[in-house]
Amino acid sequence: MKLFDRARPFVPTRDQTRLARPDRRLFLRGGLVAAGGLALGGCDLSDNARTESVLSGFSRLNDRLQAALFDSQRLAPTFGVSDITPDFPFNAYYPASRIRVIDGASWRLELAGLVADRAPWTLDRLRALPQEGQITRHVCVEGWSAIGQWSGVLFRTFLERIGADLTARYVRFDCGDDYWTSIDMPSALHPQTILALDYAGAPLPPKYGFPVKLRIPTKLGFKNPKHIMAITVTNDYPGGYWEDQGYNWFSGL
Ligand SMILES: Nc1nc2c(c(=O)[nH]1)N[C@H]1C(S)=C(S)[C@@H](COP(=O)(O)O)O[C@H]1N2
Ligand SMILES: [Mo]
């Protein structure tokens with residue numbers, strides 16, 4: 001069981017796994033745990049480096065299985081205005097006293113990697129694109145969830161607009177607080193993945209990621225980068241702040 005906890009630290013409750021097909025997923029999880037137990041049985045558990053590499057190997061296998069099971073058209077549950085969590089939580093790898101305040105007027109969204117048009121974007125230019133809203137549940141790996149309302153640019157539209165290579169494997173996000181994360185291209189192109197500019201109908205406050213965050217309700221909260229400064233389309237595995245510390249990379253819901 002330790003192996004599984006490490007590879008996927010938070011197991012969502014039934015309510016939070018409505019996206020998935022519970023029967024297939026449970027079967028796969030059971031299979032992974034059994035296979036993990038077998039493989040670990042054959043090595044010396046006191047050898048930490050070896051154990052570490054076996055564990056991260058299983059986490060990467062888990063990524064591939066989740067990617068294979070990901071249904072690019074399956075929608076995360078949506079909610080009504082009355083379901084929105086009052087006082088939606090703030091969370092980051094630092095306390096609220098250190099929330100970054102970024103100047104929207106001088107902010108530019110930088111683009112890199114497999115992108116035809118790498119000209120940086122202003123906030124006004126993002127606001128000029130069609131805006132889409134959603135009321136969805138954010139699920140944090142630390143064991144809390146909350147329902148919020150975000151709106152912004154459909155990420156697929158943005159990727160098409162900049163001439164991103166949509167066959168590339170990864171999209172990497174670098175943030176104004178030195179956080180970074182990355183997602184698979186099929187999840188980037190999902191119809192509910194948005195570059196969010198607003199929370200509850202007003203520009204994102206700094207605590208929720210001003211000026212732009214990725215809202216991706218098909219993934220755990222830590223895959224929703226705030227204060228995005230740069231986006232890179234790449235085939236080289238980018239990892240992430242939490243991912244590099246052992247959190248499962250795919251982290252789909
Ligand atoms: N730039 C940045 N983005 C981040 C984080 C962070 O520390 N820095 N934390 C992640 C985690 S773990 C969570 S749960 C959500 C919290 O978002 P919220 O403050 O809007 O609730 O942001 C995610 N995105
Ligand atoms: Mo989180």
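Residue by residue, region 87-95 carries 3J(HN,Hα) couplings of 6, 3, x, 9, 8, 6, 7, 9, x Hz when phi is fed to the Karplus relation 6.51 cos²θ - 1.76 cosθ + 1.60 (θ = phi - 60°); x denotes Gly or Pro.
Between amide H atoms placed 1.01 Å from N, distances below 5 Å from A230 occur with E110, D174, all of them 5 or more places distant or on a separate chain. Accessible area ranking (1.4 Å probe, heavy atoms, ligands and nucleic acids excluded), largest first, for W180, W150: W180, W150.
Available extension along the chain between S56 and V101 is 12.7 nm, counting 0.36 nm per residue and deducting the alpha carbon span. Compared with the direct C-alpha span, the chain from A146 to L129 gains 3.4 nm at full extension, assuming 0.36 nm per residue. Dividing the radius of gyration of the alpha carbons in region 41-112 by their Kirkwood radius gives 1.15 for Rg/Rh. Where the alpha-carbon atoms of region 79-236 are placed on the principal axes, they occupy 42, 30, 30 Å, in descending order. D71 to R108: extension gain in nm, 0.36 nm per residue of separation minus the Cα-Cα distance? Using 0.36 nm per residue and subtracting the Cα-Cα distance, I get 10.0 nm. Treat each spin label as a single point 7 Å out from the Cα along the C-beta direction, and report the Y237 to R118 distance in nm. Label at Y237, label at R118, 2.5 nm between them. Each peptide among 87-95, 184-192, 55-63, 220-228 gets the average number of other Cβ atoms lying within 10 Å of its residues, and from highest to lowest they stand as 220-228, 184-192, 55-63, 87-95. Averaging Cα coordinates gives a centre for region 66-117 and one for region 183-233; these two points are 2 Å apart. With 5 Å bins beginning at zero, the pair-distance distribution over Cα atoms of region 142-193 amounts to 4, 15, 21, 22, 24, 8, 4, 1 %.
The values are calculated or read from the model by the stated rules, or taken from the named source; none is laboratory data. Quick caveat: nothing in here was measured; it's all calculated off a predicted structure. No Cβ is skipped: glycine too gets one built from the backbone with ideal geometry, and neighbour counts run over all protein chains shown. Calculation scope for accessible area: heavy atoms of the full protein, side chains included, ligands and nucleic acids excluded. Shrake-Rupley method; radii C 1.70, N 1.55, O 1.52, S 1.80 Å.
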